[in-house]
Amino acid sequence: NAGVTQTPKFQVLKTGQSMTLQCAQDMNHEYMSWYRQDPGMGLRLIHYSVGAGITDQGEVPNGYNVSRSTTEDFPLRLLSAAPSQTSVYFCASSYSGGITDTQYFGPGTRLTVL
Amino acid sequence: EDQVTQSPEALRLQEGESSSLNCSYTVSGLRGLFWYRQDPGKGPEFLFTLYSAGEEKEKERLKATLTKKESFLHITAPKPEDSATYLCAVPSRAYTGGFKTIFGAGTRLFVKA
């Protein structure tokens, strides 16, 4: 199993550009989520999904869109990039989304918005 | 509001020098507490889940304990390969009816040979 994979690993955008961060898992997990990690602030939840076709907002959803058309994939879209979105983004998955399920994280995407 | 605070922010140890990392939390109805390890440039990796006060779990040189207000990650005789950031987290009900995981900012551990 590859686990949770993310692409790209690094990305530089100009303010106002849009892009999609890709996330895929091959563990047949129902629950997937996106976090951003900023220095001194820990991981913050952006959006999550409890299964194909079902998504919901986390703590910091503004400026981001998600969709979940398959169990395996959970892309994160930046609609119009802003410097405040410079961060490291992590995708995670867990078996069923049970409140104490173990989450498995991808390697991250480091995004810089100029 | 549910909150997780970790201390210290950074900890420098000599190889073999045991110590503890602290995680204090404020959450309505604790359902569990997680510890993760994160190496530079990588995603967090699961270490432990503790479910109730008094519970302890061990893995190699690490032992996690839980009280009603805080958790400790004890590191016994650390080695340089234990150098990493250790994250603490708790599950929290989201206002939309789902749940979210609240993470602390982490403790960066440096172990010198």
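The values are calculated or read from the model by the stated rules, or taken from the named source; none is laboratory data. Source: prediction; values computed, not measured. Cβ sites come from the backbone with ideal geometry, for glycine too, and all protein chains shown count toward neighbours. Ligands, DNA and RNA are stripped out before the accessible areas are found, and what is left, the full protein with its side chains, is counted by its heavy atoms. Shrake-Rupley method; radii C 1.70, N 1.55, O 1.52, S 1.80 Å.
General remarks:
- With respect to the conditions (1) within 11 Å of chain B (Cβ to nearest Cβ); (2) farther than 17 Å from A:T112 by Cα; (3) in contact (Cβ under 8 Å) with a residue 24 or more places away in the chain; (4) within 12 Å of the chain's Cα centre (by Cα), A:Q57 falls short on a single one, namely (3).
- Only a single item in (1) surrounded by fewer than 21 Cβ atoms within 10 Å (Cβ to Cβ); (2) at pLDDT 95 or above; (3) farther than 30 Å from B:Y86 by Cβ is not met by A:S84, and it is number (3).
- Residues that are over 13 Å from the mean Cα position of the chain (by Cα) and farther than 23 Å from B:S92 by Cα, drawn from region B:11-39: B:L11, B:R12, B:L13, B:Q14, B:E15, B:G16, B:E17, B:S18, B:S19, B:D39
- B:A77 passes every criterion in (1) of a type in the set (A, V, I, L, M); (2) closer than 23 Å to A:G108 by Cβ; (3) loosely packed, with under 14 Cβ neighbours inside 10 Å apart from (2).
- On the stretch given as region A:87-108, residues that are more than 16 Å from A:L45 (Cβ to Cβ) and crowded, with 20+ Cβ neighbours inside 10 Å total 0.
- Scanning region A:68-81 for residues that are open to solvent by 40 Å² or more (accessible area, probe 1.4 Å) and in a loop (DSSP other than H, G, I, E, B) yields A:S69, A:T70, A:E72, A:L79, A:S80.
- Enumerated strands (runs of 3 or more DSSP E) restricted to region B:24-109, each holding at least 2 residues that are within 11 Å of chain A (Cβ to nearest Cβ): B:33-38, B:45-50, B:84-93, B:99-103
- Test: residue in region A:98-112 that is more than 11 Å from chain B (Cβ to nearest Cβ), assigned to a loop (DSSP other than H, G, I, E, B) and of a type in the set (S, T, Y): no
- Single match in B:E45, B:E58 (criterion: out of contact with any Pro (no Cβ under 7 Å at 6 or more places or on another chain), open to solvent by 50 Å² or more (accessible area, probe 1.4 Å), of a type in the set (D, E) and under 28 Å from A:P61 (Cβ atoms)): B:E45
- Some residue of region B:97-104 being open to solvent by 40 Å² or more (accessible area, probe 1.4 Å), more than 10 Å from the chain's Cα centre (by Cα) and at pLDDT 95 or above: no
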